[in-house]
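Written below as C-alpha cells is the structure these notes are about.
The values are calculated or read from the model by the stated rules, or taken from the named source; none is laboratory data. Please read all numbers here as calculations on a predicted model, not as lab measurements. Cβ placement follows ideal geometry from the backbone for every residue including glycine, while neighbour counts extend to all protein chains displayed.
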Amino acid sequence: MQQQSEFAKRAAHIGQGIHSTSQNLLKLAQLAKRTGKFDDPAVEIANLSRVIKEDIQALNVALVDLQNISAASRAANKQSSSHSHTVVDSLRLRLKDTTKEFQNVLQVRKENLEKNKARQQQFSSAPERSTFNPARPGMLLSVLSLV
C-alpha cells in the first residue's frame, strides 16, 4: 500500500510539472511569435527555453523513476498494476506532446529570425541613393567647386 501511495505522489508531481512546463511553453510561444526587430525578447526567450529544456529533462528522469516504481509493484494485484501502467503511459504521452510543442515553438522562432535576417539584408544591401545623376556628369563637378 505504501508503494501505491508513493507512486500516486510521484505521478501527481510529474503531472504538475508537465502542466507548469506547458504554461512556460505558452509564454515562450507568445514571445517567439514576435517579429519586430526592435522589441526582440532574445534574452527572455533564451532563458525560458533553457528552463523548459531542463524541466523536460527532469520530468523524463522522474518518469523513468515512476516506471521503475510501477515495475517493482507488479507483484501487487493485477488491477493495480494495470492502473499504474496506464498512468505512466498517460504521463509519458503528455510529456511527449509537450516536448513536440517545444520543438515546434523553437522552429517558429528560428523561422522568424531567418525572416528578420533576410529582411535586414534586403534593406541594408539596397543600393544607396545619391544626388549624382549620370546623365549630367558636370553637375558633381559644379557642386564640388562650390565647396
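It is to be established whether one or more residues within the stretch 81-99 are of a type outside the set (S, T, N, Q) and not in a helix (DSSP H, G or I).
Residues of the stretch 81-99 that are of a type outside the set (S, T, N, Q), as a first pass: 83, 85, 87-89, 91-97.
Narrowing further to those that are not in a helix (DSSP H, G or I): none.
So far as the stretch 81-99 goes, no, none of its residues is of a type outside the set (S, T, N, Q) and not in a helix (DSSP H, G or I).
Is it true that some residue in the stretch 65-84 is at pLDDT 70 or above and within 28 Å of residue 34 (Cα to Cα)?
The first filter runs over the stretch 65-84 and keeps only residues at pLDDT 70 or above, leaving 65-73, 77-84.
Applying the additional criterion that residues be within 28 Å of residue 34 (Cα to Cα) yields none.
No, the stretch 65-84 has no match at all.
In the stretch 2-59, which residues are within 30 Å of residue 72 (Cβ to Cβ), surrounded by 15 or more Cβ atoms within 10 Å (Cβ to Cβ) and under 18 Å from the mean Cα position of the chain (by Cα)?
Of everything in the stretch 2-59, those that are within 30 Å of residue 72 (Cβ to Cβ), surrounded by 15 or more Cβ atoms within 10 Å (Cβ to Cβ) and under 18 Å from the mean Cα position of the chain (by Cα) turn out to be 17, 18, 21, 22, 55, 56, 59.
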